[in-house]
Every structure is written in structure tokens, then in C-alpha cells.
There are 2 protein chains.
Amino acid sequence: MGYFIGVDLGGTNIKAGVVNPEGKTVEKLSIKTNAERPMEDIIADMGQIALDVTAACNLNISDISAIGVGSPGTPDNRSGVLVYATNLPFRMAPIRSVIGKMTGLPVYIDNDANCAAMAESVVGAAQGIADSVTITLGTGIGAGIIINHRIYSGFNQAGSEFGHTVLVSGGVLCSCGRKGCFESYGSATGLIRMTGEAAAQDSSSVLNRLIKEKNGKISAKTAFEAMREGDRTATDVVDRYLEYLADGLANVVNAFMPEVLVIGGGVCNEGDALLIPLLSKMEGKTFFGPGVRKTEVRLAKLGNGAGIVGAAMMAKACLEDGLSG
Amino acid sequence: MGYFIGVDLGGTNIKAGVVNPEGKTVEKLSIKTNAERPMEDIIADMGQIALDVTAACNLNISDISAIGVGSPGTPDNRSGVLVYATNLPFRMAPIRSVIGKMTGLPVYIDNDANCAAMAESVVGAAQGIADSVTITLGTGIGAGIIINHRIYSGFNQAGSEFGHTVLVSGGVLCSCGRKGCFESYGSATGLIRMTGEAAAQDSSSVLNRLIKEKNGKISAKTAFEAMREGDRTATDVVDRYLEYLADGLANVVNAFMPEVLVIGGGVCNEGDALLIPLLSKMEGKTFFGPGVRKTEVRLAKLGNGAGIVGAAMMAKACLEDGLSG
């Protein structure tokens, strides 16, 4: 088998890379998405960057076996149509037919969170593991389910939206319209909200000094930094955040029973300050009967490059399975 | 292919049936479990009832292709060992080897909630549907996941424990040790608890009269009955219960994106009084982008016999897949 191209469509950039069959990226390029353009122009640029990145590493298009595209929203890999994409002007976008015509290659499409999970499953923290789930804690919460080395996205290719499962019935209003979603409590955005609320309620907290130093900006690091300075209010915020996060991640485990649960995203840069209490809290929340093998929690290994690798490895899997692209 | 035997191991009864390849039960038997006995005696009885039910319909053991056993707890179908069973004295029980020796047949084992889902998927409410989830609302909440016509139970065969995903972080203590599980709010037990609390808080409620008429016994029907008499407090209880139930079921949808979500259990006997407001509440809680196909919610078609049929059809699927039994 030859090389694969992974295209990572984002709100800001379109990235593309040539990836070998082992999941190693040999060349990559990035261009601006300019998301205010008509979707036809963006799709044409996606096809062009695939051709450009191939040329950039002195390969011919005949050296490429297939193209994989990862995008936000709901790409339908059966029809090759991107049904819609969050924050992008895509509705029923004919990704496969357009890029297929431009390149003469099979084109497969899947959700970006699913592609990130595929990447962790092939060359990352869950390498060699048949059943894993990757949860990315960022502005939102991304969830990708891998079952028997393949992406599982439900009958409508729209899953898993585990970030939009309710954790706090009747709780904070989420961007999706529900109240109390896991995403509203376990994401960086959730932590930032809790940090701001706690700072407002305790004028003596170190949190207020740190926020002032950043010109009023609160980040997911703020509470952890104040905690390291011994601030009680910040310690409470981190503890409360980790309690929610542990509840949400234990929900993932109890629902899917993956062999490995991978967690990634900026919050995970806190390392042991996050992981040690998190694992301790999860211990009491996961559901394993006596003698039953337990899910292992690991930190994600791949960073921003996961989108390209995951899309390429998704395409490789589809080709191996004989799916039409 | 010949017939299949389904054995349904419960805390009170062991039921067994001969099932044809289309999922129709042609004969069945039931004996007491007598769960206080050593597990070896119970397993021997399970093998014997399989032989007995075969004889009862004038078949020979050579007419049977395989035996399927459904049980509570975590049966490991790879090893053929029932790792443990809730409320039964089973620890690492060698179901396959013992019943296999007694009958000379391949023996497959799976969880009872998974078998119920398999039955709904083959001959019940999700017949012909590749991806479905069956949720049973009883004393607890059972969840069975069917992906591509096969049971999905995770890497350790212990899933899905969707009943033990947290819906109300920090909420009511569940039998599993967690706080705020879906099971504690969406099960019949949850409804009964809410009914009792509401009755205690409002002495003028019709609930108190109904409970007195039943000698202090509250059932999952009590709140619905009082609601039909126009009682405001009972109407509030039902509304609150349905809100939790809708949250929990929408969580199932958003996590798994099944084509059909089947709901069963005694509470579903309330029919439209349950289903109409439930579907309306779920509408705002499920997560489908524009143009994305939606999950359909259906009431379970099979009752108590689902355990036998599901275990038999699980065995048929395992045999078709060439799994060693």
C-alpha cells in the first residue's frame, strides 16, 4: 500500500499531510480556511492542498492510495457528503465527488474528534488497542469511539456526542440548548467559568491577582496556578472541576467499557496535578464487578498533528474494509 | 441450521426454551433457581433443563446447534466463564465447560440486558435494524447495545452499564456506590422514591389515599394513577420523573446514535401518558445537526420471554461468526 493524505478542515486553517502506512507524517502544508467564502471554494482548496502536499514531497498522485478528510460537524462517509459543519458554511457539501474528481483518488470523510481518536489508536496512547475512547478537553469536549480498530459513529455517522450527555440535570445552559451537559462542566470553558465565579465570590483569592495580571483574562491554567500558590478558593475550584470531570469520564467508561480511555486537550498539560486526583476520583465512579478487567486511563500522546494522521489512517481503514470512496 | 436453546438465569427462576432460527420459541420450561445453593448445583441444573426442554418438544440434542445463556453480572463469552453475577453465588463460574460437557453443544454466554436487546433486535421492536439500544426500566436500568446486528459489551464484556452513568452529579446515592446515577432517577425504583417523597411533603395529595389503599405500598403506577385523578403533586412527580428519564435516554442517543432506541419495563405500560410527553422532552435534548437522521424511539415488543429468545439468538450470532463455544 502506498501513502495516504490526511486533510484536517478547521475553522481557521486547512491542514494536509502525506502520511505513510505506519501513520508517520512525511510532509505537511497549511492554508487559511477563510470560512466566510462559499463552501465550493473551500472544498476546491482542500483538493488543491492535497495535490500540493503530494508534490511538496516529490511524490506523484499515483503514490497515494486514498485521501481522508476530518471535519467538524457530521460528515457522512457512506454518501461522501459533509451534512453540516459547525462554524463553517457547509450544508450537504459534496466533499467526495469534488476532491475525488480533482485527484482521481478515493476520498473518505469523518468527524475530527473521531479522526483524533483514530490517530491515538494507531500511533498514539492507545496504539495496538482494539477498543479505545479518546476524549479531548478543549473549548468543547470531543469524543471519538474506536471499536475493533474502527471508528464507531452510530447509524447516522453523527456520534459520539458524549460531550452533550447531561451530567448535571437542570444545570448550566450549554451551547447545544441542553442544560447541564458534560461539555459545560468538564471542558476548559467549564473550568474557566467556575474560576471566574469563584474569583468574583472571594475578593481575597489569589485568583483575582492572577486574572488582573493577565488583563482580566481567565484561562484553564488560572485555577491550577493559584492552587500552586496555596489559594484555598482555587483549590476548591480545581477539586470541583475534577469531580465533574471524573463523573463525566467514568460515564464514558461505564457506557463503552473501552480497554483504554485517552484524555487530551490543553487542560491535560497540568500533568500529575490533574491526573493523580482525577484517577483517584474515577476509581469510586467506574463500574466493574469483582474480577472484571478495568479500563486504563492514559494521557493523549499526539497534539495538533493528530487530525492529519487520524484522517489518513481513517482512509486507510476504509480502503482495507473495501468501502467505496 | 437447527434449533437453539436459550437459558435465562435469574435470581428466582431458571428458564429455558427451544427457539427456531427465526427467533420463535417452540417450547419452554422453568425451574426454581434456589440461589442459596452452591453454584456448581445451579450450573448442573442449567445443563439439565437444556436437555429437558429438548426432550419436551420431541427433539434430539443433535437437532440443537448451540446453547445461549443469559445471566446477570459479567459473563465473559471469550472464556465461557461467568466472572460474577449480581445477587447470585457465582464467581468465575465455568458455565461453558460444564454445560458443554453435559450436552456436547457449543455454549455461549452474555449479560441478560444484552440478550434482551438482541431479542428486540431480531424479533422485537428493532427487528431488521442494524444499530439499536434497548433500555429496560425496572428495579434498575438495563442497557443492551446492538451494533451491526451484534451485541457490543466492551473489551471486558462488562458493558454497557449505562444505568450507572451519572445524570445528577452529587445526587442520590445509588446501589453501585456512585451519586446521581441514571438508574436512581429513571428506574421504577427512582419513580417510587420520588412518589414517596412527594406524598410525605403534601398531606392533601391524592397520593396519600392511594398509598393507604395499598397498605402503604407505593408502586411505579401510583403517581400516574393520582395524576389521572387530577392531583397536582402527582402530576409534578410524573413531570419531574419524565424530565430525568428524557435526560437519561437522550444521553443514550447522543452517546451511541442508534437508529432505534427501544424502551421497555413495567413503567412503559403507562403507554401514551408516558410516551407522548417523554418524546416531546427528548426532542430538545437529543443532538442532531441540521440534515442529520434522527434516532427513533419505540416501545419494547417482547416481555419476559425476551431472555430466552435473546440468549438463543445471541448463540446463533456467535455460531455464525465462528466463535468457539
Practice task
Under a 10 Å cutoff between Cα atoms, tell me which one of B:GLY186, B:GLY265, B:GLY230 has the largest fluctuation in the Gaussian network model of chain B.
Solution key: B:GLY230
Handout entry: Degrees, to the nearest 10: A:188-201 long Cα axis against longest axis of chain A
Key = 20 degrees
Completion exercise
Partner shielding of A:175-183, as the mean number of partner chain Cβ atoms within 10 Å, equals 4
Problem - Inter-copy spacing of B:THR25 label points, which lie 7 Å from Cα along Cα→Cβ, given in nm from shortest upward - result: 5.6
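Report, to two decimal places, the Cα Rg of chain A normalised by 2.2 N^0.38 Å (N = number of residues).
Expressed relative to 2.2 N^0.38 Å, the Cα Rg reads 1.04.
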Fill in the blank from the handout: In a Gaussian network model of chain B with springs linking alpha carbons closer than 10 Å, the residue among B:MET102, B:MET282, B:MET46 that fluctuates most is B:MET102
Fill in the blank from the handout: Taking only the alpha-carbon positions of the range B:208-301 as identical scatterers, the Debye log10 I(q)/I(0) at q = 0.17, 0.20, 0.22, 0.25 Å⁻¹ comes out as -0.77, -0.97, -1.10, -1.31
Exercise for the section: Could I have the simple spin-label model distance between A:ARG228 and B:SER62, label points 7 Å from Cα toward Cβ, reported in nm to one decimal? Expected result: 7.6 nm
Problem - Förster radius 45 Å - calculated FRET efficiency between A:ASN87 and B:ASN269, Cβ distance, rounded to 0.05 - result: 0.50
Exercise for the section: Only loop residues by DSSP count here, and only those with at most 16 other Cβ atoms within 10 Å; note down the GluC sites (Glu not before Pro) in the range B:18-54 that meet that. Expected result: B:GLU22, B:GLU36
Handout entry: Ellipticity estimate at 222 nm from DSSP helix runs (n ≥ 4, -39,500 (n - 2.57)) divided over chain B, nearest 500
Key = -12000 deg cm²/dmol
Handout entry: chain B: angle of helix B:306-320 to the longest principal axis, Cα-based, in degrees nearest 10
Key = 50 degrees
Completion exercise
Pairs over 24 Å Cα to Cα, from A:LYS281/B:LYS294; A:LYS28/A:LYS101; A:LYS221/A:LYS281; B:LYS217/B:LYS285, come to A:LYS281/B:LYS294; B:LYS217/B:LYS285
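Between A:LYS294 and A:GLN48, what FRET efficiency comes out of the Förster formula 1/(1 + (r/R0)^6) with R0 = 41 Å and r the beta carbon distance, rounded to 0.05?
It comes to 0.30.
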Practice task
In nm to one decimal, list the spacings between the A:ASN269 label point and its equivalents in the other copies, with label points set 7 Å along Cα to Cβ, shortest first.
Solution key: 5.8
Completion exercise
Long-range amide H partners of B:ASN13, meaning residues 5 or more apart or on another chain whose placed amide H is closer than 5 Å, are B:THR33
Exercise for the section: Between the label point of A:PRO290 and that of the same position in each other copy, find the distances and list them shortest first in nm, with every label point placed 7 Å from Cα along the Cα-to-C-beta direction. Expected result: 5.6
Practice task
Over all alpha-carbon pairs in the range B:127-299, figure out the percentage whose distance exceeds 24 Å.
Solution key: 38 percent
Fill in the blank from the handout: Applied in sequence order to the range A:254-260, the curve 6.51 cos²θ - 1.76 cosθ + 1.60 (Karplus, θ = phi - 60°) yields integer Hz couplings, x standing for Gly and Pro, of 5, 6, 10, 6, x, 5, 10
Completion exercise
Once phi for every residue in the range B:86-96 is put through the Karplus expression 6.51 cos²θ - 1.76 cosθ + 1.60 (θ = phi - 60°), the whole-Hz ³J(HN,Hα) values, with Gly and Pro written as x, are 4, 6, 9, x, 9, 9, 6, 7, x, 4, 4
Exercise for the section: Find the chain A residue whose Cβ sits closest to the rotation axis that carries A onto B, and give that distance in whole Å. Expected result: A:ALA255, 3
Handout entry: Calculated SAXS-style log₁₀ I(q)/I(0) at q = 0.08, 0.12 Å⁻¹ - the protein assembly as shown, Debye, Cα scatterers
Key = -0.64, -1.27
Fill in the blank from the handout: Counting sequence-distant residues (5 or more places) and residues on other chains, those with an amide H built under 5 Å from that of B:ALA66 are B:ILE5
Exercise for the section: Output ³J(HN,Hα) for the range A:39-55: one whole-Hz value per residue in order, computed from phi by the Karplus curve 6.51 cos²θ - 1.76 cosθ + 1.60 with θ = phi - 60°, and x for Gly and Pro. Expected result: 4, 4, 5, 5, 5, 4, 5, 5, x, 5, 5, 5, 5, 5, 5, 5, 5
Exercise for the section: Could you list which residues have their amide H under 5 Å from that of A:ILE129, counting only those 5 or more apart in sequence or on another chain, with H placed in the peptide plane? Expected result: none
Problem - Rounded tilt (10° steps) of B:272-283 against the dominant C-alpha axis of chain B - result: 90 degrees
Handout entry: Rounded FRET efficiency, nearest 0.05, which uses the C-beta distance separating B:ARG37 from B:LYS301 and R0 of 41 Å
Key = 0.75
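Only the coordinates and a few stated rules stand behind these numbers; no lab work does. Computed from a predicted model, the values in this text were never measured in an experiment. In this analysis, Cβ positions are derived from the backbone assuming ideal geometry, glycine residues included, and neighbour counts consider all displayed protein chains.
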